[in-house]
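To keep things clear, I will list the structure first and then write my remarks on it.
The values are calculated or read from the model by the stated rules, or taken from the named source; none is laboratory data. Remember, it's a predicted structure, so these values are computed and weren't measured experimentally. Reconstructed Cβ throughout: ideal geometry from the backbone, glycine too, with neighbour counts over all protein chains shown. Accessible surface areas use protein heavy atoms only, side chains included; no ligands, DNA or RNA. Shrake-Rupley method; radii C 1.70, N 1.55, O 1.52, S 1.80 Å.
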Amino acid sequence: MSPTALHSVDGHHDSFSLPNNTISNGDGIDESKVHATARRTPEGGLIKVESDSTKYEEQGIRAKFTDRGADVVKNADGRLSVKKTETNYEFFTKSKVGKVGLMLVGFGGNNGTTVLATHLANKHQISWRTKDGEQQPNYIGSVVRASTVRLGIDPETGKDVFVPLSDMLPMVHPNDFVIGGWDISGVSMDKAMIRAKVLEWDLQRQLIPHMEGVKPLPSIYYPDFIAANQADRADNLIPGEDKQAHLDHIRADIRKFKSDNELDSVVVLWTANTERYADIIPGINDTSDNLLKAIQTSHDEVSPSTVFAVASILEGVPFINGSPQNTFVPGCIELAEKNQSFIGGDDFKSGQTKVKSVLAEFLVNAGIKPLSISSYNHLGNNDGKNLSSHKQFRSKEISKSSVVDDMVAANHVLYKTAAELTAETGEITKKGEHPDHIVVIKHVPAVGDSKRAIDEYYSELLMGGRNVMNIFNECEDSLLATPLIFDLAILAELLTRVTYKPQGENEFKPLYSVLSLLSYMLKAPLVKPGTDVVNSLNRQRNALETFLKACLGLEHQGDLLLNTRIW
């Protein structure tokens, strides 16, 4: 099933080991020729914190951390009372990564084939020729593998010291994943790669021998949830219409994949077609018990992605949703809570939406008032084909349209609140003032995986002035999404090894089921019910960095740079 299983059971190692300048397949590799994004952490780790609050034990890292904040209360006269808060925690991070499996739903699609191809090219150090010369395999675009974190200051030079994010804590190296998954199309992975037309032919040619023997596992297909134009691909299906039988089959697939490849852990990730939104129906999918009963009775509003999510939750493996549909209906979230399983989503944040979150935040923080944001996309891959159906497009439209909401709501100077609008008009308004936001997606087969995104930002300036900013962004869709898939899987696995306890408690416990720390990679971040969604890219990144530092017992260093501002 999997071409990426290690040749020896004991061949896998944690990311804090460097086994004699070789990668996990046992082939000798010249480290000097390995791209920086694919290099391994030095043996013993790159970072060691010397502090009474951080202890390195045989099983892992124990660290004390103080979470500092402020409670703000609005008084009757409108003034604000601010009280500083401090909460002490202790974190424990298991240092042994073990052997990790990554199972993709939509394995034979553009993203799935590109994930496997990228993994194999890096694993076997396959270089290829382009018109610009020889190209080395890499993980460019990965937040984990290709970005750095400011760790502190060199006391001798006064210069900042930056380290790769992947070196902060023990993390699985993407070369070491064992990769497999499901797809409604039974085409072998070499032919699926050729069909996707994402990678250069010279690379594909060399990867074919590694991929030609690999076929996706049969998947489930409920025609009402994806576009009718996908029916011709649906030739690799788990038989029947019994959703309980489908759930049991997928659970058995996960167990078999784990057993056959002698894995310590598995992460399941949805990178299949966008589904329509499922209706939330009391008595059907509003509670965990009702959802399980709905699966038993094969109710029409149980989607394929929800079946995969429930299977993963019941098997105790993390499930990440990379598409915009509402996979995590209330009953699914409650089921994850009950089983203390991990879930995360929704929708990969790869190109246009990431730029939008940055630019909208820049405008609002600069005191400029966006009045409208209009986004137009066209692409030619199968994702674009599926999204040409209205119901599936609506799921994507929802995930793209909410990306600026929290930044707008944070500035009640520029934008009137719902209460202010209600007072002005006399009509009850539930949502405050916000920019007009339009999203259009069209399928243009000729451009293939190369997506075009056009944005117009129309804003109000001083004294009634107007400003128009237009951005044209051309990007290769799967080459942006694939690094995010690696990031989500790497971080999800890491978070399963982190436990915590508040000061005064005796037992460590796992993090909350919804992995909102993955928000940086997702358009419509799933968060703990009852809490606000944070779409600000800067805040999402800061949260991730701060958490990794907290697990080392380090305080997050902001940009105060006080030593440069005093005598």
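Within the group Gln230, Gln206, Gln244, which residue is surrounded by fewer than 21 Cβ atoms within 10 Å (Cβ to Cβ) and within 18 Å of Asp190 (Cα to Cα)?
Answer to the selection: Gln206.
List the pairs whose first member sits in the range 81-96 and is without any contact (Cβ under 8 Å) to a residue 60 or more places away in the chain, whose second member is open to solvent by 100 Å² or more (accessible area, probe 1.4 Å), and whose Cβ atoms are under 6 Å apart, counting only residues at least 6 apart or on separate chains?
Glu86/Arg68
Could you tell me how many of the residues in the range 79-107 are in contact with a helix residue (DSSP H, G or I) (Cβ under 9 Å, 6 or more places away or on another chain), part of a loop (DSSP other than H, G, I, E, B) and either of a type in the set (Val, Ile, Thr) or open to solvent by 60 Å² or more (accessible area, probe 1.4 Å) (or both)?
So the count comes out to 1.
Quick check: is even one residue across the range 75-89 among the basic types (Lys, Arg) and under 27 Å from Leu169 (Cα atoms)?
Checking the range 75-89: not a single residue is among the basic types (Lys, Arg) and under 27 Å from Leu169 (Cα atoms).
Among the listed residues Gln340, Gln352, identify the single one that is at positive phi and either over 15 Å from the mean Cα position of the chain (by Cα) or open to solvent by 10 Å² or more (accessible area, probe 1.4 Å) (or both).
Residue meeting the stated conditions: Gln340.
Give the residues of the range 241-267 that are of a type in the set (S, T, N, Q) and within 22 Å of the chain's Cα centre (by Cα), sorted by residue number.
Within the range 241-267, Ser265 is the sole residue that qualifies.
For the structure I just gave you, tell me whether Ala76 is more than 29 Å from the chain's Cα centre (by Cα), part of a loop (DSSP other than H, G, I, E, B) and modelled with pLDDT under 95.
Spelling it out, Ala76 is indeed more than 29 Å from the chain's Cα centre (by Cα), part of a loop (DSSP other than H, G, I, E, B) and modelled with pLDDT under 95.
For the range 46-73, give me each residue that is out of contact with any Phe, Trp or Tyr (no Cβ under 6 Å at 6 or more places or on another chain), closer than 11 Å to Gly553 by Cβ, part of a strand (DSSP E or B) and of a type in the set (D, E, K, R).
Lys55, Lys64
Check off (1) on the phi > 0 side of the Ramachandran plot; (2) at pLDDT 95 or above for Gly133 and give me the number that stays unchecked.
The single condition Gly133 does not satisfy is (2).
Answer with yes or no whether Asn111 is within 30 Å of Leu479 (Cβ to Cβ), part of a helix (DSSP H, G or I) and open to solvent by 10 Å² or more (accessible area, probe 1.4 Å).
Numbers: within 30 Å of Leu479 (Cβ to Cβ): yes; part of a helix (DSSP H, G or I): yes; open to solvent by 10 Å² or more (accessible area, probe 1.4 Å): yes.
Judged against the criteria, Asn111 is a match.
Can you tell me which residue is surrounded by the fewest Cβ atoms within 10 Å (Cβ to Cβ) among those in the range 466-504 that are of a type in the set (D, E, K, R) and in contact with an Asp or Glu (Cβ under 9 Å, 6 or more places away or on another chain)? Let's see the steps before the verdict.
Residues of the range 466-504 that are of a type in the set (D, E, K, R), as a first pass: 466, 474, 476-477, 487, 493, 497, 501.
Pick out the ones that are also in contact with an Asp or Glu (Cβ under 9 Å, 6 or more places away or on another chain) and you get 466, 476-477, 501.
Numbers: Arg466: 9, Glu476: 20, Asp477: 26, Lys501: 15.
Taking the candidates together, the pick is Arg466.
Any residue in the range 517-537 that is more than 29 Å from Leu102 (Cβ to Cβ), of a type outside the set (Gly, Ala, Ser) and open to solvent by less than 60 Å² (accessible area, probe 1.4 Å)?
No - not one qualifying residue is present in the range 517-537.
Please count how many residues of the range 446-491 are of a type in the set (Gly, Ala, Ser), out of contact with any Leu (no Cβ under 6 Å at 6 or more places or on another chain) and in a helix (DSSP H, G or I).
Matching residues across the range 446-491 total 4.
Among the listed residues Ala550, Ala489, Ala481, Ala524, which satisfies the condition of being closer than 20 Å to Phe348 by Cα and out of contact with any Ser or Thr (no Cβ under 7 Å at 6 or more places or on another chain)?
Exactly one of Ala550, Ala489, Ala481, Ala524 is closer than 20 Å to Phe348 by Cα and out of contact with any Ser or Thr (no Cβ under 7 Å at 6 or more places or on another chain), namely Ala489.
So Leu495 clears everything in (1) part of a loop (DSSP other than H, G, I, E, B); (2) within 15 Å of the chain's Cα centre (by Cα) except one condition, right? Which one?
Of (1) part of a loop (DSSP other than H, G, I, E, B); (2) within 15 Å of the chain's Cα centre (by Cα), only one is false for Leu495: (1).
Working only within the range 128-146, note down all residues that are surrounded by fewer than 18 Cβ atoms within 10 Å (Cβ to Cβ) and either β-branched (Val, Ile, Thr) or without any contact (Cβ under 8 Å) to a residue 24 or more places away in the chain (or both). Before you say what the answer is, go through the steps one by one.
Looking only at the range 128-146, we keep the residues that are surrounded by fewer than 18 Cβ atoms within 10 Å (Cβ to Cβ), and these are 129-136, 140.
Within the range 128-146, Thr130, Lys131, Asp132, Gly133, Glu134, Ile140 qualify.
Check whether at least one residue in the range 458-465 is open to solvent by 50 Å² or more (accessible area, probe 1.4 Å) and charged (D, E, K, R), and report yes or no.
Yes.
Under the condition of being in a loop (DSSP other than H, G, I, E, B) and exposed (fewer than 12 other Cβ atoms within 10 Å of the Cβ), which residue from the range 538-567 is modelled with the highest pLDDT?
Trp567
Counting only residues that are touching an Asp or Glu at 6+ places or on another chain (Cβ under 9 Å) and among the acidic types (Asp, Glu), how many does the range 116-164 have?
2
I'd like to verify a number: residues in the range 318-367 that are touching a Phe, Trp or Tyr at 6+ places or on another chain (Cβ under 8 Å) and either within 22 Å of Asn273 (Cβ to Cβ) or among the hydrophobic types (A, V, I, L, M, F, W, C) (or both), how many?
19
Here's the yes/no breakdown for (1) out of contact with any Ser or Thr (no Cβ under 7 Å at 6 or more places or on another chain); (2) within 30 Å of Tyr500 (Cβ to Cβ); (3) aromatic (Phe, Trp, Tyr); (4) open to solvent by 10 Å² or more (accessible area, probe 1.4 Å):
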| position | (1), (2), (3), (4) |
| --- | --- |
| Ile313 | no, yes, no, no |
| Asn321 | no, yes, no, no |
| Gly331 | no, yes, no, no |
| Gly345 | no, yes, no, no |
| Phe348 | yes, yes, yes, yes |
| Ser357 | no, yes, no, no |
| Ala366 | yes, no, no, yes |
| Leu371 | no, no, no, yes |
| Ser375 | yes, no, no, no |
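In the range 221-250, what residues are outside any loop (DSSP other than H, G, I, E, B), modelled with pLDDT of 95 or more and of a type outside the set (Lys, Arg)?
Correct list: Leu237, Gln244, Ala245, His246, Leu247, Asp248, His249, Ile250.
Taking into account only those residues within the range 303-320 that are without any contact (Cβ under 8 Å) to a residue 60 or more places away in the chain and of a type outside the set (Gly, Ala, Ser), which is nearest to Glu493 (Cα to Cα)?
Here the residue is Phe319.
Just wondering, is there one or more residues in the range 268-291 that are within 25 Å of the chain's Cα centre (by Cα), farther than 16 Å from Asn326 by Cα and in contact (Cβ under 8 Å) with a residue 40 or more places away in the chain?
Yes, the range 268-291 contains at least one residue that is within 25 Å of the chain's Cα centre (by Cα), farther than 16 Å from Asn326 by Cα and in contact (Cβ under 8 Å) with a residue 40 or more places away in the chain.
Just for the range 418-439: of the residues that are of a type outside the set (Gly, Ala, Ser), open to solvent by less than 50 Å² (accessible area, probe 1.4 Å) and outside any helix (DSSP H, G or I), which one is nearest to Ala366 (Cα to Cα)?
Pro435
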